[in-house]
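Below: the structure, in structure tokens.
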Amino acid sequence: MTSTTPSASEVDTWVALLGRGQDKADGIQDYCHFLGEALGRHGVSLQISRVDWPHLGWRRALAGLRRDCQSWRGRWVLFQYTALAFSSRGFPLRALAVLRILRKNGARCAVVFHDPFRQGGRAALSHLRGEIQEWVIRRMLSFADRAIFPDPLSKVAWLPKNSAKAITIPIGANIPEPLLSAQADCSEYEAPKAVAVFCLSLDTLVLAEELKDLSVAAQTACDSGARFRLIFLGHGTEEAREAIAMAFRSMPVDISVLGLLSPQKVTEALSGAHAMLCVRGKLYPRRGSAIAGIACGLPIVGYAGEAEGTPLAEAGILFVPYRDGVAMGKALARVLSNPALALELEEKSRRVQREYYSWDLIAAKFIEALGAQQS
């Protein structure tokens, strides 16, 4: 999609309102950055603001919000909701206070539900946390003028049917889209091929499961005759450096741990890889690492169970049963040994990127949903 740069007099101004940020890698802020760049090409300026309660305390943070939003009357505010952005322990009741202040001061509120489901667990406190989160999410829907979901609405079971407020707008990759096809040559004569693992979990127990899956997959692929090297990058990989080395210490696989990289460096690393393995649970529409792989045209091997009925199901992904490292290794060996299959998967990912995950397309959907005037 192409557009001309609008003049200053033609620019509409929206506000992206964030809660607590992340110290090292702030995916929500990156999302707003790339969305803002794309909106700017369509005549909308996106101003980023933050309710900085971790540093100011809630009283001062809300007082600051009241002052700021006096100039937001009649403007669209894109409220970026996650449970932990508005609560240190996942009880996000004050997100409702933020929304009430916006409404009281005349802002037009579009809630972007980055966490559209409860995040609680089985323990009593976790169950209570989940119940409160679900209540807050429902209340936010009732207060909002528009509700934006990265997931298809059919996947959001609690959402009232035919809700006039709700719309699906996928998230895009938080990296620059490659301008040219920089995909690595998948010729069978090149070895070892690069296989990317983008992001790992910080939770020690979950990380152990992910590395077990990866080590089983790597050994299975090696036993099938595949020659490759693993490149770990992104969130959680630097912290897991020693655990990664232990997991692959007896395998004929070279390991590189790149850690956190700039968005441009992530694009370069992924564009130079031959495939990606995703082990952080079942693939779902808000899995930013998989969307980054799609943006770079990578063949991906990941877990089935949540992608059905989403754009991920159309991408160049070989789905395998959840936590089946052997199946993952066999699928990886197929990709690395079959250039025709790798090319087919690459083309699928690039098509899905154009049709669903392009930031220009995402910006146009926001403009259509919120009624702004394009240049």
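For this structure, a couple of remarks:
- Residues of the stretch 172-187 include none that is modelled with pLDDT of 95 or more and in a strand (DSSP E or B).
- Of the residues making up the stretch 277-295, none is buried (at least 20 other Cβ atoms within 10 Å of the Cβ) and over 30 Å from residue 157 (Cβ atoms).
- Within the stretch 42-58, tally of residues that are buried (at least 21 other Cβ atoms within 10 Å of the Cβ), free of Cβ contacts under 8 Å to residues at least 60 places away in the same chain and over 18 Å from residue 22 (Cα atoms): 1
- Residues that are out of contact with any strand residue (DSSP E or B) (no Cβ under 7 Å at 6 or more places or on another chain) and without any contact (Cβ under 8 Å) to a residue 40 or more places away in the chain, drawn from the stretch 22-32: 22, 23, 26
- When the stretch 155-172 is limited to residues that are basic (Lys, Arg) and surrounded by 13 or more Cβ atoms within 10 Å (Cβ to Cβ), the one that is nearest to residue 367 (Cα to Cα) turns out to be 165.
- Number of positions in the stretch 59-96 that are loosely packed, with under 14 Cβ neighbours inside 10 Å and closer than 22 Å to residue 134 by Cα: 3
- So residue 283, is it in contact with a strand residue (DSSP E or B) (Cβ under 8 Å, 6 or more places away or on another chain) and within 17 Å of residue 342 (Cα to Cα): no
The values are calculated or read from the model by the stated rules, or taken from the named source; none is laboratory data. Computed from a predicted model, the values in this text were never measured in an experiment. Neighbour counts are summed over all protein chains in view; Cβ atoms, including those assigned to glycine, are modelled from backbone coordinates with ideal geometry.
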